[in-house]
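Worksheet: one structure, shown below.
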Amino acid sequence: MLLQIVLRKKASALTALVTAAAIALTPFSAAHAQAKGPPVLRDTETEQLLREYTRPILRVAGLEKHNIQMVIINDGSFNAFVADGRRIFVNYGAILQSETPNQIIGVLAHETGHLAGGHLSKLREQLAAAQTQMIIAMLLGVGAIAAGSTQRSSAGNNGLANAGAAAIAAPQEVIRRTLLSYQRQQEENADRAGVKFLSATQQSPKGMYETFKRFTSESLFAARGADPYLQSHPMPAERVAALQEFASSSPFWNKKDDPALQLRHDMVRAKISAFMERPETVYRRYPLSNDSLPARYARAISTYLHGDLRSALTQIDALIQVQPNNPYFYEVRGQALLESGKPAEAIPALRKAAQLLNNSPLIEMLLGQALVGTDNKAYTDDAVRILRAAVAREPEAALGYTQLAMAYGRKGEYAEADLASAQAAYLRGDNKTARELATRAKTRFAVGTPGWVKADDIVAAKPPRN
């Protein structure tokens with residue numbers, strides 16, 4: 001759970017692995033996903049909600065201006081973690097399984113505690129020091145083994161050689177336990193910091209406590225008989241008891257989530273269920289007898305995903321009648337039409353979604369895709385304008401550059417088309433194709449122009465790290 005470090009002993013070094021769940025990439029919303037690194041899911045509605053959850057917490061933590069990003073990982077398990085100093089990763093399963101906003105907000109507050117405490121950089125320092133200690137211990141041990149081997153060959157005594165082997169093994173175990181102890185302390189500090197941030201923003205820490213309490217019941221069997229000194233996190237029961245002690249003293253312990261926020265949370269959970277779970281699972285969660293807005297949302301999305309466009313549009317239009325200014329209903333309507341091969345019919349809904357939700361580059365990329373997909377040249381200039389603005393605000397989305405390349409190609413602007421195609425390939429991790437396209441783009445731009453410089457940067461760039 002959360003920041004996980006697995007420590008393993010090897011003869012040559014002490015290896016530290018930051019672990020994060022990763023499974024096969026699955027489309028979510030408009031299938032905006034990174035091809036490299038963790039399997040990332042993109043959805044404007046979900047990301048916006050997570051940003052609103054974290055904004056007040058980051059403010060009181062002093063991280064408001066650090067541009068901390070929320071990243072949704074394609075994994076159905078309940079987990080969240082930090083792997084660098086600028087992003088909080090949240091499995092979609094953590095959102096789906098959080099029954100209240102307060103429960104996921106508590107987890108995000110804990111992760112903010114890791115960021116505010118600089119735990120990653122401090123842990124790296126500990127690992128570097130541990131590696132140095134390990135090397136010294138190994139050199140001393142190898143020396144003792146060599147000396148023992150020499151004595152054994154002359155006197156038949158292997159005592160010193162055995163002592164040398166022990167000199168290697170013992171420090172490794174001590175260092176490993178020290179690192180794990182240090183990480184357990186970090187987890188406890190993050191718990192306390194999370195409660196502090198929640199209280200400072202007048203939010204209840206009860207959701208955080210409820211989440212960890214649930215993990216306790218799930219992990220008690222696994223932890224039974226485990227050595228507490230060989231765990232990277234505090235033992236479950238001890239952790240929850242300590243958390244309850246200082247969290248329940250908060251004056252906001254019994255404060256409930258705002259009903260409007262609860263509804264938005266339930267809508268996002270319904271959307272995730274519809275996109276990520278099998279239709280029979282969706283209908284078990286949201287049976288036809290459930291006439292709530294989230295249930296209708298989930299069933300409408302699941303219906304279009306599994307081939308019944310006409311019924312899906314009827315359901316989506318009924319949702320729009322209830323909330324005519326909800327941009328995400330129009331987004332889903334446009335996406336359903338676009339993915340069903342009806343780009344021209346998708347344009348009005350996607351335009352409406354973009355108008356209702358200012359600064360929504362992912363939705364704008366969908367709109368650009370619909371404009372390009374019509375093969376109507378009258379839409380080309382509009383597509384270029386929309387897509388250029390979208391990729392300027394969302395420069396790591398390959399879909400935007402792919403559609404922009406097609407729009408430029410339709411206009412006969414082949415240098416710009418090659419450059420956009422190169423940028424899309426680079427973001428997908430296809431570095432060979434990216435360099436080839438960028439090299440060709442350089443021959444079409446005047447030397448020194450902005451397009452030429454961007455293409456040259458791609459040609460010279462090293463492959464991005466995951």
Taking Arg214, is it modelled with pLDDT of 75 or more and surrounded by fewer than 16 Cβ atoms within 10 Å (Cβ to Cβ)?
yes
Here the residues within the range 264-295 that are within 16 Å of Tyr92 (Cα to Cα) and outside any helix (DSSP H, G or I) are Glu277, Arg278
Exactly one of Tyr304, Tyr283, Tyr330 is more than 24 Å from Ile104 (Cβ to Cβ) and touching a Lys or Arg at 6+ places or on another chain (Cβ under 6 Å), and that one is Tyr330
Counted residues in the range 344-359 being buried (at least 17 other Cβ atoms within 10 Å of the Cβ) and either more than 11 Å from Glu331 (Cα to Cα) or touching a Cys at 6+ places or on another chain (Cβ under 8 Å) (or both) come to 1
Selection count, the range 286-303, where residues are touching a Leu at 6+ places or on another chain (Cβ under 8 Å), within 10 Å of Ala274 (Cα to Cα) and not hydrophobic (A, V, I, L, M, F, W, C):
2
For the condition small (Gly, Ala, Ser) and crowded, with 17+ Cβ neighbours inside 10 Å, what is the one hit in Ala446, Ala434, Ala389?
Ala434
What number goes with the only condition from (1) over 19 Å from Val282 (Cβ atoms); (2) in a helix (DSSP H, G or I) that Pro324 does not pass?
(2)
Scan the range 444-464 and report the pairs whose first residue is in contact (Cβ under 8 Å) with a residue 40 or more places away in the chain and whose second residue is in a helix (DSSP H, G or I), with Cβ atoms within less than 9 Å and a gap of 6+ or a chain change.
Pro464/Tyr426; Pro464/Leu427; Pro464/Asn431
Picking from Ala247, Ala242, which residue would you name as being touching a Phe, Trp or Tyr at 6+ places or on another chain (Cβ under 8 Å) and touching a residue at least 40 places away in the same chain (Cβ under 8 Å)?
Ala247
Listed residues Leu58, Leu50; which is over 12 Å from the mean Cα position of the chain (by Cα), of a type outside the set (Ser, Thr, Tyr), under 17 Å from Thr201 (Cα atoms) and crowded, with 18+ Cβ neighbours inside 10 Å?
Leu58
Determine if the range 365-385 includes at least one residue that is among the aromatic types (Phe, Trp, Tyr), buried (at least 24 other Cβ atoms within 10 Å of the Cβ) and not in a loop (DSSP other than H, G, I, E, B).
no
Taking the condition of being within 31 Å of the chain's Cα centre (by Cα) and assigned to a loop (DSSP other than H, G, I, E, B), how many residues in the range 406-437 meet it?
2
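The values are calculated or read from the model by the stated rules, or taken from the named source; none is laboratory data. Since the model is a prediction, treat every value here as computed from it, not as a measurement. Backbone-built Cβ (ideal geometry, glycine too); neighbour counts: all protein chains shown.
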